[in-house]
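Here is the structure we will look at.
The values are calculated or read from the model by the stated rules, or taken from the named source; none is laboratory data. Since the model is a prediction, treat every value here as computed from it, not as a measurement. Heads up, the Cβs are rebuilt from the backbone with ideal geometry, glycines too, and the neighbour counts pull from every protein chain shown. Accessible surface areas use protein heavy atoms only, side chains included; no ligands, DNA or RNA. Shrake-Rupley method; radii C 1.70, N 1.55, O 1.52, S 1.80 Å.
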Amino acid sequence: MADFKIRTDVPQGRETLDALVEETARQNRAAFATLFNFFAPRVKSYLLRLNADDALAEEIAQEVMLTVWRKAHQFDRTQASASTWIFRIARNKRIDIARRASKPALDPDEPSLLPEPEIAPDEATHASARDLRVQAALKGLPAEQLSLLQLAFFDGLSHSEIAERLALPLGTVKSRLRLAFDKLRKHLDADDL
Amino acid sequence: MTHQSLGDEIFSAYASGALSGPMRLLLDTQAALDPQVFELCSDAERIAGVLLTAMAPAPLRPGAMDDLFAILDTEAAAAGEAGPSQMVNHDSARKAAKLASQSLDELLVLPEPVRDLALEAAGNWQFAGPGVRIMELMREDGAKAELIRLEPGHGVPRHSHDCKEFTLVLCGAFHDGLARYGKGDLSVADPDIEHKPVAEAGEVCIALAVTDGPLAFTGPLGWVQRALGGMTGS
């Protein structure tokens with residue numbers, strides 16, 4: 001730790017994070033250290049949220065970052081942002097651990113699971129544009145809606161499970177989530193996409 | 001209406017990793033055939049990615065990064081001695097080579113996620129009635145994914161299901177008595193619905209059939225418990 005400042009609190013823009021993964025692919029350790037400082041504590045936080053204890057969360061966060069280093073050359077910012085790419089690695093790792101007893105259905109080291117359809121050349125910037133819009137839309141959401149999104153997108157709960165968890169009527173959950181989605185969709189469907 | 005949507009919840013469950021393997025395979029395959037589904041899956045993962053950056057950081061113990069760099073150093077040293085290892089897996093290719101070429105051609109045109117599993121299963125088609133063959137691709141926690149191959153004019157016997165059944169047409173087309181389903185179309189049959197899909201004349205129809213287990217959303221709540229040795233996690 002001596003050689004690198006830990007500054008987990010610095011907000012990082014998409015461009016910066018993407019560039020850091022690309023630098024990591026060139027074996028740039030300083031870039032990787034910055035990436036580690038930003039993502040490792042967030043990945044750990046994500047795992048803690050999913051009921052991992054501190055030691056397990058720490059261990060998986062380490063494994064995730066190791067995979068980031070090893071697979072950085074596969075990263076392609078026109079397909080996914082650094083945050084989406086690293087989320088996939090973290091998610092796959094935890095699925096792998098949950099299913100280790102049976103035959104793993106996912107390759108935990110393969111972050112780009114979704115097979116890409118043939119993308120027209122003029123849509124090369126499409127993915128990054130959409131990413132920025134999701135970011136912009138989420139920034140404006142109230143905490144209440146954000147926590148509902150976390151229950152759906154991190155915990156994978158259905159609407160009725162969320163309602164049960166929060167002791168809210170199903171209709172309330174549905175309408176709050178619809179508000180959040182409408183806002184997201186308004187950003188995503190805007191003009192030139 | 002031959003294209004049935006799976007609904008919003010399925011895409012957040014997809015991104016979260018809570019779906020069973022067979023259900024994930026269904027969405028991945030649909031995404032390979034349908035740009036709209038691809039976009040919905042991608043957007044769901046985008047949202048999760050942005051939510052990840054918005055998490056309040058949980059600091060790692062001091063020295064965590066040093067430990068990681070130590071591992072990288074060890075790896076770099078080992079790579080210097082042994083050289084990069086070739087990690088190409090020829091297993092599927094070898095199994096594929098055993099397949100009769102006619103059967104192989106049929107599998108090679110399938111969308112990627114299904115194709116790989118079918119080759120992995122070595123094209124092991126099982127007889128399931130006149131003109132009907134079935135190949136199991138994946139089974140997990142009561143959920144199941146299999147390929148169904150219908151000769152032109154043949155169909156699976158009338159049946160109902162314990163669970164919801166999803167049928168995605170990969171090539172050819174079938175008619176289930178109510179509607180026609182062509183390539184990329186998804187049929188969703190509720191447990192109480194009886195249906196009898198019959199392939200159209202002229203072309204073999206191959207479809208991906210997924211039955212979800214009793215737990216549509218297995219949920220990650222029990223994942224640590226399951227990992228730690230099969231205590232009931234769900």
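A few remarks follow.
- Residue list for the range A:27-42, filter: under 19 Å from A:GLN150 (Cα atoms) and away from chain B (no Cβ under 11 Å): none
- In the range B:112-135, the residues that are of a type in the set (Lys, Arg) reach residues that are open to solvent by 40 Å² or more (accessible area, probe 1.4 Å) with C-beta atoms within less than 9 angstrom, at least six apart or across chains, in these pairs: B:ARG115/B:LEU108; B:ARG115/B:VAL109; B:ARG133/B:GLN126; B:ARG133/B:PHE127; B:ARG133/B:GLU151.
- Selection within the range A:1-25: residues that are at pLDDT 50 or above and assigned to a loop (DSSP other than H, G, I, E, B). The member of this set that is most open to solvent (accessible area, probe 1.4 Å) is A:PRO11.
- The number of residues in the range A:179-192 being open to solvent by 10 Å² or more (accessible area, probe 1.4 Å) and either hydrophobic (A, V, I, L, M, F, W, C) or modelled with pLDDT of 90 or more (or both) comes to 4.
- Enumeration of residues in the range B:26-71 that are surrounded by fewer than 16 Cβ atoms within 10 Å (Cβ to Cβ) and at negative phi: B:PRO35, B:GLN36, B:ALA56, B:PRO59, B:ARG61, B:PRO62, B:ASP66, B:ASP67, B:ALA70, B:ILE71
- When the range A:135-178 is filtered for residues that are open to solvent by 20 Å² or more (accessible area, probe 1.4 Å) and assigned to a loop (DSSP other than H, G, I, E, B), the ones remaining, listed by number, are A:GLY140, A:PRO142, A:ALA167, A:LEU168, A:PRO169.
- Residues of the range A:59-79 classified as at the interface with chain B (Cβ under 7 Å from one of its Cβ atoms) and buried (at least 19 other Cβ atoms within 10 Å of the Cβ), total: 4
- The residues of the range A:80-91 that are at the interface with another protein chain (Cβ under 7 Å from one of its Cβ atoms) and more than 14 Å from A:GLU22 (Cα to Cα), listed by number, are A:THR84, A:PHE87, A:ARG88, A:ARG91.
- Search result, residues across the range A:44-55 that are closer than 14 Å to B:PRO59 by Cα and at the interface with another protein chain (Cβ under 7 Å from one of its Cβ atoms): A:LYS44, A:SER45, A:TYR46, A:LEU48
- Condition check for B:PRO84: within 12 Å of another protein chain (Cβ to nearest Cβ), in a loop (DSSP other than H, G, I, E, B) and either at pLDDT below 75 or surrounded by fewer than 17 Cβ atoms within 10 Å (Cβ to Cβ) (or both): yes
- Boolean, B:THR2 is closer than 20 Å to B:VAL169 by Cα, modelled with pLDDT of 85 or more and of a type in the set (Ser, Thr, Tyr): no
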